[in-house]
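**Student:** Dumping the structure here so I can ask a few things about it.
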Amino acid sequence: MTPSRDLVERVAAGAVPAIGRMISRAEAGSPEARPALAEIYRRAGRAHIVGLTGVPGSGKSTLVATLTAHLRQAGQKVGVVAIDPSSPYSGGAILGDRIRMADHVCDAGVYIRSMATRGAMGGMARAALDAVDILDVAGFDTVIIETVGVGQDEVEIARASHTTIVVSAPGLGDEIQAIKAGILEIADIHVVSKCDRSDANRTLTDLKQMLTLGALTARQAAWRVPVIGLSAYKGEGFETLMTAIENHRRVAFETETGAQRRQAIARFRLEKTAETLLIERFARGAASVAGPLADRLSTRDGDPYGLATELLEQALAPHASGAST
């Protein structure tokens with residue numbers, strides 16, 4: 001097997017096999033790959049990271065495909081990380097987004113990778129953040145992260161991207177309720193898809209009114225969140241969306257508000273990585289001590305909270321894991 005460190009320069013040269021191998025090793029969580037991923041992280045930071053989320057059926061994948069086509073026409077290289085629900089059988093991604101992106105498969109300026117959530121809290125697989133770095137270093141100008149669904153736990157996308165697009169569609173019934181539940185404030189750009197439908201104006205109006213009624217945060221004061229209607233069927237609205245994305249890119253990279261957001265992204269990345277390391281260390285340590293504690297719990301010689309505290313103390317003790325983090 002080629003050492004991961006030897007793949008770094010190949011990734012930087014844009015070699016597709018090396019990109020694929022590094023992302024696979026990031027997904028596998030291989031400790032051998034961590035020094036290479038660290039070097040890749042130090043070299044990254046140039047790409048515009050666009051997060052895209054929305055309720056199922058809102059047309060996210062169609063939007064990603066069309067947006068990718070427009071970015072390519074503008075001369076950009078585009079990476080797509082599509083975070084799919086994990087298969088209940090294999091744990092792998094269902095890969096539905098690759099089916100919709102079929103038109104771009106033969107384009108050397110587009111790289112598409114579907115990744116499983118693997119039960120990640122918030123719908124954001126830790127390896128997805130590594131994949132973004134890899135594509136960044138490989139020379140992709142824009143990296144799009146598409147997440148599964150939208151809801152209280154999927155707002156992590158806003159903590160990992162420079163520009164967050166929330167997609168709604170008319171007639172879904174619960175999309176406005178989802179936004180009321182806490183999604184409204186994460187969007188830098190609201191998109192209403194399928195605007196060739198007769199009930200689209202209702203959704204556009206509702207969103208605009210909700211944005212008007214909401215209290216402005218410091219981020220929103222620096223950027224007025226647009227609501228853009230799109231129709232893939234008629235090919236309408238995409239130039240407006242492209243202009244909004246470019247304008248927000250300037251906010252993200254050229255203003256104090258953008259600098260604060262990049263700092264927040266770094267903190268999220270730090271916490272997400274620490275969470276991964278903690279879970280790995282706990283799993284190693286718990287393997288040898290969970291059995292006896294479970295036996296005590298099954299005979300009610302102790303309670304779940306007290307025994308869980310013992311499990312944590314024993315599993316995270318340095319001698320239990322056999323290695324420091």
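**Student:** Which residue, of Lys272, Lys234, is surrounded by 14 or more Cβ atoms within 10 Å (Cβ to Cβ) and of a type in the set (D, E, K, R)? Let's see the steps before the verdict.
**Tutor:** Values: Lys234 fails: surrounded by 14 or more Cβ atoms within 10 Å (Cβ to Cβ).
The unique qualifying residue is Lys272.
**Student:** Still on this structure, I have one more. Just to verify a result, which residue in segment 44-54, among those that are among the aliphatic types (A, V, I, L, M) and open to solvent by 10 Å² or more (accessible area, probe 1.4 Å), is farthest from the chain's Cα centre (by Cα)?
**Tutor:** The first filter runs over segment 44-54 and keeps only residues among the aliphatic types (A, V, I, L, M), leaving 44, 47, 49-50, 52.
Subsequent filtering for residues that are open to solvent by 10 Å² or more (accessible area, probe 1.4 Å) retains 44, 49.
Numbers: Ala44: 17, Ile49: 9 Å.
Filtering first and then ranking leaves Ala44.
**Student:** A further question follows. Select from segment 110-140 the residues that are assigned to a loop (DSSP other than H, G, I, E, B) and modelled with pLDDT under 85 and write down the one among them that is farthest from Asp6 (Cα to Cα). Break it down stepwise before answering.
**Tutor:** If we filter segment 110-140 for residues that are assigned to a loop (DSSP other than H, G, I, E, B), which is where we start, we get 117-120, 124-125, 138-140.
When the remaining residues are screened for being modelled with pLDDT under 85, the result is 117-120, 124-125.
On the way: Thr117: 28, Arg118: 28, Gly119: 31, Ala120: 30, Met124: 28, Ala125: 25 Å.
Residue satisfying both the conditions and the ranking: Gly119.
**Student:** Here's a follow-up. Is there a residue being surrounded by 17 or more Cβ atoms within 10 Å (Cβ to Cβ), part of a loop (DSSP other than H, G, I, E, B), over 14 Å from the mean Cα position of the chain (by Cα) and modelled with pLDDT under 80 anywhere in segment 141-159?
**Tutor:** Within segment 141-159 (the criterion being surrounded by 17 or more Cβ atoms within 10 Å (Cβ to Cβ), part of a loop (DSSP other than H, G, I, E, B), over 14 Å from the mean Cα position of the chain (by Cα) and modelled with pLDDT under 80), the answer is no, since none of the residues qualifies.
**Student:** Shifting gears a bit: Within segment 63-86, is even one residue at pLDDT below 85 and open to solvent by 70 Å² or more (accessible area, probe 1.4 Å)?
**Tutor:** No, that holds for no residue.
**Student:** I'd like to verify a number: residues in segment 32-75 that are without any contact (Cβ under 8 Å) to a residue 40 or more places away in the chain and in a helix (DSSP H, G or I), how many? Talk me through it step by step, then tell me what you get.
**Tutor:** Taking segment 32-75 as the starting set, the residues that turn out to be without any contact (Cβ under 8 Å) to a residue 40 or more places away in the chain are 32-36, 38-39, 42, 65, 69, 72-73, 75.
So of that shortlist, the ones also in a helix (DSSP H, G or I) come out as 32-36, 38-39, 42, 65, 69, 72-73.
Number of matching residues: 12.
**Student:** Being touching a Gly at 6+ places or on another chain (Cβ under 8 Å) and either open to solvent by less than 30 Å² (accessible area, probe 1.4 Å) or assigned to a helix (DSSP H, G or I) (or both) is the requirement here; does Ile228 meet it?
**Tutor:** Values: touching a Gly at 6+ places or on another chain (Cβ under 8 Å): yes; either open to solvent by less than 30 Å² (accessible area, probe 1.4 Å) or assigned to a helix (DSSP H, G or I) (or both): yes.
So Ile228 passes the test.
**Student:** Considering only segment 189-206, I want to know if a residue exists there that is surrounded by 16 or more Cβ atoms within 10 Å (Cβ to Cβ), of a type in the set (A, V, I, L, M, F, W, C), part of a loop (DSSP other than H, G, I, E, B) and modelled with pLDDT of 80 or more.
**Tutor:** Going residue by residue through segment 189-206, those that are surrounded by 16 or more Cβ atoms within 10 Å (Cβ to Cβ) are 189-195, 197, 200, 203-204, 206.
Now narrow it down to the ones that are of a type in the set (A, V, I, L, M, F, W, C): 189, 191-192, 195, 200, 204.
Next cut, part of a loop (DSSP other than H, G, I, E, B) only: 195.
Subset that is modelled with pLDDT of 80 or more: 195.
Taking every residue of segment 189-206 in turn, at least one turns out to be surrounded by 16 or more Cβ atoms within 10 Å (Cβ to Cβ), of a type in the set (A, V, I, L, M, F, W, C), part of a loop (DSSP other than H, G, I, E, B) and modelled with pLDDT of 80 or more.
**Student:** A further question on this structure: For segment 1-23, which positions are open to solvent by less than 50 Å² (accessible area, probe 1.4 Å) and assigned to a helix (DSSP H, G or I)?
**Tutor:** Going through segment 1-23, the residues open to solvent by less than 50 Å² (accessible area, probe 1.4 Å) turn out to be 2, 4, 7-8, 11-12, 14-15, 18-20, 22-23.
Ser4, Leu7, Val8, Val11, Ala12, Ala18, Ile19, Gly20, Met22, Ile23 - these are the residues of segment 1-23 that are open to solvent by less than 50 Å² (accessible area, probe 1.4 Å) and assigned to a helix (DSSP H, G or I).
Residues are listed down the side, and each one gets a yes or a no for (1) part of a helix (DSSP H, G or I); (2) of a type in the set (D, E, K, R); (3) open to solvent by 80 Å² or more (accessible area, probe 1.4 Å); (4) under 30 Å from Gln73 (Cα atoms):
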| residue | (1), (2), (3), (4) |
| --- | --- |
| Arg249 | yes, yes, no, yes |
| Phe268 | yes, no, no, no |
| Arg281 | yes, yes, no, no |
| Arg284 | yes, yes, yes, no |
| Val289 | yes, no, no, no |
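The values are calculated or read from the model by the stated rules, or taken from the named source; none is laboratory data. Given the structure is predicted, the values throughout are model-derived calculations rather than measurements. A quick note on method: Cβ atoms are made from the backbone with ideal geometry, for glycine too, and the neighbour counts reach across all protein chains shown. Protein only, heavy atoms only, side chains kept; ligands, DNA and RNA dropped before computing areas. Shrake-Rupley method; radii C 1.70, N 1.55, O 1.52, S 1.80 Å.
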